[in-house]
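Taking it in order: structure first as structure tokens, then the write-up.
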Amino acid sequence: MLRRIRRHFLTGLAAGLPLATTVVVVWFLVTLLGSILGPLLARVPGLAALPRWLLSLIGFVVMLLLTTALGALTAGIVGRRLVAWLDHLMQRLPLARDLYGSARQLTDAVFVRRSSLRRAVIVEYPRKGMYAVGFLTAEEPLVLPDGRRTVGVFIPSTPNPTTGWLALVPEADAMESALTIEEALKLVVSGGMVRPAGRGAPDARTDA
């Protein structure tokens, strides 16, 4: 009897977990993006009386529409010139240029030129016994003053892969991963909940 209940429970878990994971991730994104415009929408006459969750949903939809409109705008000649002008302006502002330049390079690498991320690797970080998914940023190793060869590995944050930090990892300690760039990004964004199809866990092997 207990064995049958256990089997039914595991079957139900296998059936419901993908749906629950999708709902949690989507709701997180809706809440995160909706909270940006939610307070502003609450000041609009006629919208202030709406429930908070509905304002977040409306804010999420508005954010998607604005982002799509921005993408459509920048696809045209006028939009490209406007973006180039804003880019030039931001690069000249004393306080903002360093932050803007770094953010621009990172977003271009992740979303526009994914080839800038050479391949997905797994490194022992932030301490021994713990591992993180990272992206090799250059094939050419960086030699430290003491002669050790290291590689630059960008370790993205979850759930926003456009932020993270750079780790100089000894060349021999950067483990090759069977994950593609897209699979590794999905793994990071979902916090490990979305895994590559047909794999229980990332397959890592140490470089020779």
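The values are calculated or read from the model by the stated rules, or taken from the named source; none is laboratory data. What you are looking at is a predicted structure, and each value in this text was computed from that prediction instead of being measured. Please note: Cβ atoms are built from the backbone with ideal geometry, for glycine as well, and neighbour counts cover all protein chains shown.
Could you grab me the full set of residues in the stretch 1-46 that are among the polar types (S, T, N, Q) and at pLDDT 80 or above? First the steps, then the outcome.
In the first step, residues of the stretch 1-46 are kept if they are among the polar types (S, T, N, Q); the result is 11, 21-22, 31, 35.
Correct list: T11 only.
Yes/no per residue for (1) under 23 Å from V25 (Cα atoms); (2) touching a Ser or Thr at 6+ places or on another chain (Cβ under 8 Å):
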residue	(1), (2)
A48	no, no
W53	yes, no
L73	no, no
R80	no, yes
A84	no, no
H88	no, no
P94	no, no
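Among L33, L2, which is the only one that is surrounded by fewer than 14 Cβ atoms within 10 Å (Cβ to Cβ) and without any contact (Cβ under 8 Å) to a residue 40 or more places away in the chain?
Working: L33 fails: surrounded by fewer than 14 Cβ atoms within 10 Å (Cβ to Cβ).
Being surrounded by fewer than 14 Cβ atoms within 10 Å (Cβ to Cβ) and without any contact (Cβ under 8 Å) to a residue 40 or more places away in the chain holds for just one of L33, L2, which is L2.
So L187 clears everything in (1) under 27 Å from Y100 (Cβ atoms); (2) under 13 Å from the mean Cα position of the chain (by Cα) except one condition, right? Which one?
Every condition holds for L187 apart from (1).
Might you let me know whether the stretch 82-93 holds any residue that is of a type in the set (A, V, I, L, M, F, W, C) and not in a helix (DSSP H, G or I)?
In the first step, residues of the stretch 82-93 are kept if they are of a type in the set (A, V, I, L, M, F, W, C); the result is 82-86, 89-90, 93.
When the remaining residues are screened for being not in a helix (DSSP H, G or I), the result is 93.
So far as the stretch 82-93 goes, yes, one or more of its residues are of a type in the set (A, V, I, L, M, F, W, C) and not in a helix (DSSP H, G or I).
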